[in-house]
Amino acid sequence: MAQFKPRQGPKLPAPPALDVAPQNLRAPEIAPSIAVDGRSLRATGRTKQLATRVREEFYDDIKLYAAKHRLKIVEVLEQGFKLLKEAKLEN
Amino acid sequence: MGAIIGFVSQKGGVGKSTLARGIGREAAAGGLSVKIADLDVQQGTSVNWYRRRLEAGIEPIFSVESFKTAAQALKLARQFDYLIIDGPARASAATLEIARAATLIVQPTGSSVDDLEPAVLTFHELVRDGISRNILVFALSRVGTDAEEIEARAYIKQAGYAVLDGSIQERPAYRQASNVGLSITETRYPQLNKRADALIQAMVDRTDGTV
């Protein structure tokens, strides 16, 4: 009976080719940290704070209007600003 | 200007700090001025190791410092015979910056495909960005058997890169030495110290040949 030597090829696969190299060297040195908290996860997307000082009469007025129409202050602002922009466009 | 040796990798735990500390210790023992720049501010592996070394009163002492960016560390190159950069376990723009300034870039790797493949890809990226293959070398670490080492060497050679002579075997004694602030050439076992010294000598020869 013929004697065969065991055939052994390389046990490791071929190394990757140069053209499949990724783009890690384009990544910034300091990995950017993504701060995620409850506020940034809000479904409304309202993540920025806008604070301003107003006159007392305006303060009372907008608070009462919002409460009466079951709106948030931000909704009064958004809707009011939208109307203002539309009015400016018409002029 | 002194030599700059950068230890880089895409993965953690491959032996960057171990080898950086080893060559730092040997260069200091040889009377050279040495700075190890630890670029992993969060982990500070080499800085913490050096604190243990100082607390234990081990000689020789040299300088190990933490840096947030590669640029900060590279500014010091003129002040030392050897600036050894212990890079973070992540390839980034800083890896390229280190490679552009370095005399030698050493990438330690284990001998499994899980380690070898990302390591080769990191060097491929550097080559694609214009870094000469002549300054890029692999150092085999955490090697289990001679057969494993032979296969890893063949893999790296096929990828077109050089591998330093010698290797760091997977031995608890190296970790035990590190735990108390000793380097890989300062273990309790002369044979292990000799093996580590051979690898470090290969790094030195390579550095001197390319300066």
Please go through segment B:66-101 and give me each residue that is crowded, with 24+ Cβ neighbours inside 10 Å, away from chain A (no Cβ under 14 Å) and aliphatic (A, V, I, L, M), ordered by number. B:Leu83, B:Ile84
Tell me, which residue of segment B:150-188 that is part of a helix (DSSP H, G or I), within 12 Å of chain A (Cβ to nearest Cβ) and open to solvent by less than 50 Å² (accessible area, probe 1.4 Å) is nearest to B:Arg53 (Cα to Cα)? B:Ala152
Could you please find all residues in segment B:148-167 being in contact (Cβ under 8 Å) with a residue 24 or more places away in the chain and closer than 16 Å to A:Pro16 by Cβ? B:Ala152, B:Tyr155, B:Ile156, B:Ala159, B:Gly160, B:Tyr161
Could you grab the pairs with beta carbons closer than 8 Å, sequence gap of 6+ or different chains, first residue in segment A:78-91 and part of a helix (DSSP H, G or I), second one among the aliphatic types (A, V, I, L, M)? A:Gln79/A:Leu71
Applying the selection to segment B:29-65, what residues are within 14 Å of chain A (Cβ to nearest Cβ) and open to solvent by less than 40 Å² (accessible area, probe 1.4 Å)? B:Ala37, B:Leu39, B:Asp40
Output the helices (runs of 4 or more DSSP H) that fall wholly within segment B:1-99 and possess 1 or more residues being under 22 Å from B:Asp197 (Cβ atoms) and of a type in the set (Ser, Thr, Tyr), or say none. B:16-29, B:45-56
Within segment A:19-49, the count of residues that are surrounded by 10 or more Cβ atoms within 10 Å (Cβ to Cβ) and either away from chain B (no Cβ under 14 Å) or assigned to a loop (DSSP other than H, G, I, E, B) (or both) comes to 11
Would you say A:Val54 is part of a helix (DSSP H, G or I), more than 30 Å from B:Lys68 (Cα to Cα), more than 11 Å from every other protein chain (Cβ to nearest Cβ) and open to solvent by less than 100 Å² (accessible area, probe 1.4 Å)? no
Which residues, taken from segment B:1-20, are farther than 22 Å from B:His124 by Cα, touching an Asp or Glu at 6+ places or on another chain (Cβ under 8 Å) and modelled with pLDDT of 95 or more? B:Ala3, B:Ser17, B:Ala20
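The values are calculated or read from the model by the stated rules, or taken from the named source; none is laboratory data. Bear in mind that the values here come from a model prediction, so they are computed numbers and not experimental data. Because the Cβ atoms are built from the backbone with ideal geometry, glycine has one as well, and the counts that use them run over all protein chains shown. All accessible areas refer to the heavy atoms of the entire protein, side chains included, with ligands and DNA or RNA removed. Shrake-Rupley method; radii C 1.70, N 1.55, O 1.52, S 1.80 Å.
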